[in-house]
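The values are calculated or read from the model by the stated rules, or taken from the named source; none is laboratory data. The structure presented is a predicted model; accordingly, all values stated were derived computationally and were not measured. Neighbour counts run over all protein chains shown; Cβ positions are idealised from the backbone, glycine included.
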């Protein structure tokens, strides 16, 4: 009984040995390090040794990306011989870090595959960077300098990503300064190796922004504390009220805003003439209080904006007063836009115009 057991174990071991791969790869990965995209293509050679008593051959080798091209040696590999599998990585148009796998099958055990890996970092060429990262901040290239959040409902948050690229041969630690307190920032990675990309994540926290409507500010991005180069950035957003949860009954009893007049033409004004006072009435014709969230005037000639009240009872009005100073007009024509943001769910943004011709 013991003899049969020993014989069974021996035969099983011999059978398992015949199914194991009989080839040996000298190395399974290759690191190209950092190199210029101008090189175009780089090659790695993987050596395979046939340790079996029989001839073997490489059946196939495939990569997961067309940028990585294996070249299979033809013919059988005799026992004890070595074969060389060449892998070419096409770097043109591919700045940044890469890590690619090649899957190889050999005739000694075709049901299994060996994974080979090539990796490295491509330092982008000027032409490629100019199209993909057109903004220069010293050694750091950026996709854009504008962070446009667009329309965002108050109470929500929104994240915009801006990508960058380290075109230098040094590791950079980029930083951002001058961001308003209602924008959170993440930088990934915080240390950017040569030829690697970085992602700046800007998250707008609307509840921390006291302003309704348009908000826009400028800030600075530095590629590294040791450098004086900076990129001037700006962001833009419009914060709106969320009326989506109102019931039909709440809408029926909501405030209704109207502005009068909607347009004021001051005619001709001498550039040296005294400022002119302009008044608008914002009336609430609805059934609940009208809240004036914000009043903005976009024109350098507009001065001294005031609002008599920000809470208008049903049937009542608020008075908006401002002055037009022709001496501050930058052109010969004044076209001031007055915008009023309210809690009227059907007409939350009111607008009026003040126009005048400036004689110099």
>> For region 180-219, which positions are without any contact (Cβ under 8 Å) to a residue 60 or more places away in the chain, in a strand (DSSP E or B) and within 30 Å of residue 343 (Cα to Cα)?
In response: 183, 184, 202, 203, 204, 205, 215, 216, 217, 218
> How many residues does region 253-274 hold that are modelled with pLDDT under 95 and either crowded, with 17+ Cβ neighbours inside 10 Å or outside the structural domain of residue 320 (by TED's automatic domain parsing) (or both)?
Replying inline: 1
>> I'm trying to understand the selection: among the residues of region 281-324, which are within 41 Å of the chain's Cα centre (by Cα), closer than 16 Å to residue 345 by Cα and either part of a loop (DSSP other than H, G, I, E, B) or outside the structural domain of residue 352 (by TED's automatic domain parsing) (or both)?
In response: 289
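Would you mind stating whether residue 184 is under 18 Å from the mean Cα position of the chain (by Cα), in the same structural domain as residue 226 (by TED's automatic domain parsing), closer than 30 Å to residue 229 by Cα and surrounded by fewer than 19 Cβ atoms within 10 Å (Cβ to Cβ)? Walk me through how you get there before you give the answer.
Details: under 18 Å from the mean Cα position of the chain (by Cα): yes; in the same structural domain as residue 226 (by TED's automatic domain parsing): yes; closer than 30 Å to residue 229 by Cα: yes; surrounded by fewer than 19 Cβ atoms within 10 Å (Cβ to Cβ): yes.
Spelling it out, residue 184 is indeed under 18 Å from the mean Cα position of the chain (by Cα), in the same structural domain as residue 226 (by TED's automatic domain parsing), closer than 30 Å to residue 229 by Cα and surrounded by fewer than 19 Cβ atoms within 10 Å (Cβ to Cβ).
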>> Looking at residue 224 and the list (1) assigned to a strand (DSSP E or B); (2) surrounded by 12 or more Cβ atoms within 10 Å (Cβ to Cβ), which single condition is not satisfied?
In response: (1)
> Looking at residue 232, is it surrounded by 13 or more Cβ atoms within 10 Å (Cβ to Cβ), touching a strand residue (DSSP E or B) at 6+ places or on another chain (Cβ under 7 Å) and part of a strand (DSSP E or B)?
Replying inline: no
